[in-house]
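*Asks:* The structure is given below, and queries will be raised subsequently.
The values are calculated or read from the model by the stated rules, or taken from the named source; none is laboratory data. Just so we're clear, the structure is a prediction, and the values are computed from it rather than from any experiment. No Cβ is skipped: glycine too gets one built from the backbone with ideal geometry, and neighbour counts run over all protein chains shown. When the accessible area is computed, the model is the full protein with side chains, heavy atoms only, and any ligands, DNA or RNA have been set aside. Shrake-Rupley method; radii C 1.70, N 1.55, O 1.52, S 1.80 Å.
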Amino acid sequence: MSTLTKHTDVADETAGRRSQRLRVFVRRARPILAAVSVVYLSELLLELPIELGHVAWFVIPFTPIAFPLGCLFVACVLTTFYGLTGKLTMAAILTVGLGLVVTIADAVKLSILGEPVYPTDVIWLSEPGFLVEMVSPRVLVAGGVLAVALVGTVAWWLVVSLRRTRSHRPSVRRRVTRLVALCLGATALWQATEFHHPNNLWDAAYEASGASWKPWSQSLNYRDNGFVGGALFNMPIDAMPKPSGYSRAAIDEIAQKYAVRAAARNAGTSPDALAKTNVVVVLSEGFGDPGSLKGIRLAEDPIPNVRSLIQSGWGGTTVANFHGIGTSTMEWQALSGEYLGLFNPQISTPYAMVIPKLKNYPTAVGWFQQHGHRAVAVHPYFPSMYRRRAVYDRFGFDDFIYESKMKHTETVEDNDFVSDKAAYEEVLDQIDSSSKPLLVNLVTMQNHYPVTGKYDDPIPSSGDFDKAYGKQVSAYARGLSYSDEAIAGFLDQLKKRDEPTIVVYYGDHYPAVLSDQVIEENPGTLHRRTPMFVWTSTGAEQHRALNAASPSTFLPLVFQLAGQSIPAYYELIDELAEKVGTIAPGVIVRPDGTETAEDQLTPEQEELVHDMKMVEYDFSIGHRYGVSSMWYQFPEGRG
């Protein structure tokens, strides 16, 4: 054999060994490469909806904070699924499938409400009827197909796995590997649910990476910290931090301070002024004044009656906590007198996140009941919406009238929601049939989103928006005109009755019909200010401008209008409104309508805010030391 032939054989043998080692490496590395690809693609999916809205999705892989930690979280999900199934392929399918479900939900919520998905949004799974009405049929079909595919895949895997288990028992090494994977993945995910607890590993990782939390804008929060970071930030947390110095003695001191001040304000008032007066609090879903916003022009004024009531009586604007969402938070503020702006920023829905965990909750319902009233809640929709059935039970309402219990369920044109007019007829029936004066809390539904395709003659509109937004604004304006006529008719009916009635009327927020350009032209809280007024059937009110009033002040305003002596709690709320303003999430709106921050307050204003924080903590998740001394008789102890 020649020397050349020997060298050739050696080279071939070496190349063969290298090829064999490469094949072995690829075979062993394939699961790892597959897992990395699944993690990468799943995290990319989660980031797409929020990033596409800012035309920046292509830079996601290079985001120094969001993407690597998001990938780590997805890897923990994949590891957990692998521990459960023992198959990387099945774990990958479940991880990507779950990512697709969350991505679709996130994209839909962003398109409708302009905010991302929160962990607490799982409560909406108990409201399939509401989801069907809110989401387009195309998305529902796509979601249904995906769900069927996932369920079918899992079912197929279960059948195959059971057959294989009978014929082939996994090795001890494989079972140990699965157990370790399950323990590591599940522990990491459990840590994620405890994100706000001290010494949490996920929180420490985000803080070490320089996370920049933006609670005042959840869309920015998710964009800058990634979907996973934003979701973790919104994990369950206590409603508010315990104020420094909180104790029975501190609450007693505050109660005494405002009791003295209330006594001075109560000169000339009566402790029984509301004894025979009905009080109706109307949260008008989606009611706003779009023609007052810069960038929107309407061919006609959709709310002439409400505008006249505001200009001639007690009225003006209130400040919604959010744009497009937040109905229940406004309702909660009006009934409890508390401020969402003093809660932790993660608490966007006290009805779902705080109150159902408690046995009871102090609200104006208790005060009115102890002063001879019957308390009735009316909501022409599902009783479980925002968990109202449970919440109203905690508040102590005597009755809850929801859609299936209503006598009047008429609608307007092609609108599927019960009309405002029908809701008012229901309230009138309650008033006429009650031997006691009533406190009625009405939450309407007529102008709930979506708003298009409901009316034959939308009000023509123009402004800083495209055709699609213009169509929504025009339809929304026509819906407002029906609401405007309905409230005027309701007040006329009340005037005809012998018993006096005071009505609080306010819009909870604009629905998601405002374009980005309109929002930019009405910055801060300007695009979140909606009409409100307080009216009495006796016609005793004189004009009083109420600028950027908080819902927390509505019932104290009722006391003032009626000449009712106020409790110490309402004295605190009145002073806060007069000297500080409205405390909204992330901002304080002064009585003159300008905006400021808490660190810009004067010492007197700081004292008022401090006292309100102390009282709000005590009334909500504290020991309720001060409810009886500041408001009405209420049992002490944590709810």
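*Asks:* Kirkwood hydrodynamic radius for segment 76-124: how many Å is it when counted over pairs of different Cα atoms?
*Replies:* 12.0 Å
*Asks:* Still on this structure, please answer the following. If I take the Cα coordinates of segment 383-533 and project them onto the principal axes, what are the three extents in Å, biggest first?
*Replies:* Between the extreme Cα coordinates on each principal axis of segment 383-533 lie 53, 33, 28 Å.
*Asks:* Here is a follow-up. Enumerate the amide H contacts of I401 below 5 Å, restricted to partners 5 or more residues apart or on another chain; note that Pro and chain-start residues carry no placed amide H.
*Replies:* Answer set, sorted by chain and number: A377, V378, H379.
*Asks:* Rg(Cα) of segment 289-359 divided by 2.2 N^0.38 Å?
*Replies:* 1.46
*Asks:* Please give every one of the lysines within straight-line cross-link reach of K613, meaning a C-alpha to C-alpha distance under 19 Å, and leave out same-chain neighbours fewer than 8 residues apart.
*Replies:* Within the straight-line cut-off, K613 pairs with K242, K257, K579.
*Asks:* Moving to a separate point now. Mind ordering 383-389, 261-267, 324-330 by average Cβ neighbours within 10 Å, highest first?
*Replies:* By packing density, highest mean first, the sequence is 324-330, 383-389, 261-267.
*Asks:* Specify the inter-centroid distance of segment 553-613 and segment 450-511, based on alpha-carbon positions, in whole Å.
*Replies:* If we compute the Cα centre of each part, the gap is 29 Å.
*Asks:* So, in nm, how far is label S628 from label D252 when the simple model puts each one 7 Å beyond its Cα toward the Cβ?
*Replies:* About 1.3 nm separates the two model spin labels.
*Asks:* Exceeding 20 Å between C-alpha atoms, which entries from my cross-link table qualify? They are K109/K359; K436/K496; K454/K495; K109/K294.
*Replies:* K109/K359; K454/K495; K109/K294
*Asks:* A follow-up question, please. Is segment 538-626 rounded, prolate or oblate when judged by the Cα gyration tensor, a ≥ b ≥ c being the square roots of its eigenvalues, rounded requiring a/c under 1.5 and prolate requiring a/b larger than b/c?
*Replies:* oblate
*Asks:* Please provide three numbers in whole Å: the alpha-carbon extents of segment 460-504 along the principal axes, with the largest listed first.
*Replies:* Reported extents, whole Å, longest axis first: 50, 15, 11.
*Asks:* At 0.36 nm per residue, and after removing the present C-alpha to C-alpha distance, how many nm does the segment from S404 to K495 gain when stretched out fully?
*Replies:* Going from the current span to full extension adds 29.9 nm.
*Asks:* If you don't mind, another one. Set the Förster radius R0 to 30 Å, insert the Cβ-Cβ distance between T596 and Q311 as r into 1/(1 + (r/R0)^6), and round the FRET efficiency to 0.05.
*Replies:* Efficiency for this residue pair is about 0.65.
*Asks:* Cα gyration tensor of segment 314-390, axes a ≥ b ≥ c as square roots of the eigenvalues: rounded (a/c below 1.5), prolate (a/b > b/c) or oblate?
*Replies:* rounded
*Asks:* Among 92-101, 609-618, how do they line up from the highest to the lowest mean number of other beta-carbon atoms within 10 Å?
*Replies:* With the highest mean Cβ count within 10 Å placed first, the list reads 609-618, 92-101.
*Asks:* Next question. Can you find, among Y570, I583, G341, the residue farthest towards the positive end of the dipole of segment 248-631? Put +1 on the C-beta of Lys and Arg, -1 on that of Asp and Glu.
*Replies:* Ranked along the dipole, the leading option is Y570.
*Asks:* Here's another thing I want to ask about it. Between D393 and D238, how many nm apart are label points set 7 Å from Cα along the C-beta direction?
*Replies:* Label-label distance for D393 and D238, simple model: 2.7 nm.
*Asks:* Follow-up. What is the spin-label model distance, in nm, from W213 to S111 if the labels are put 7 Å beyond Cα along the C-beta direction?
*Replies:* With each label placed 7 Å out from Cα toward Cβ, I get 3.2 nm.
*Asks:* What length, rounded to one decimal in nm, is gained on full extension from A299 through to S435, with 0.36 nm per residue of separation minus their alpha-carbon distance?
*Replies:* Taking A299 through S435 to full extension adds about 44.4 nm, to one decimal.
*Asks:* Let me ask another. First compute the accessible area of segment 248-631 with a 1.4 Å probe, then give the percent of it belonging to carbon and sulfur atoms.
*Replies:* For segment 248-631, the apolar C and S fraction of the accessible surface comes to 47 percent.
*Asks:* Distance from the Cα centre of segment 311-330 to that of segment 193-226, in angstrom?
*Replies:* Between the Cα centre of segment 311-330 and that of segment 193-226, the gap is 30 Å.
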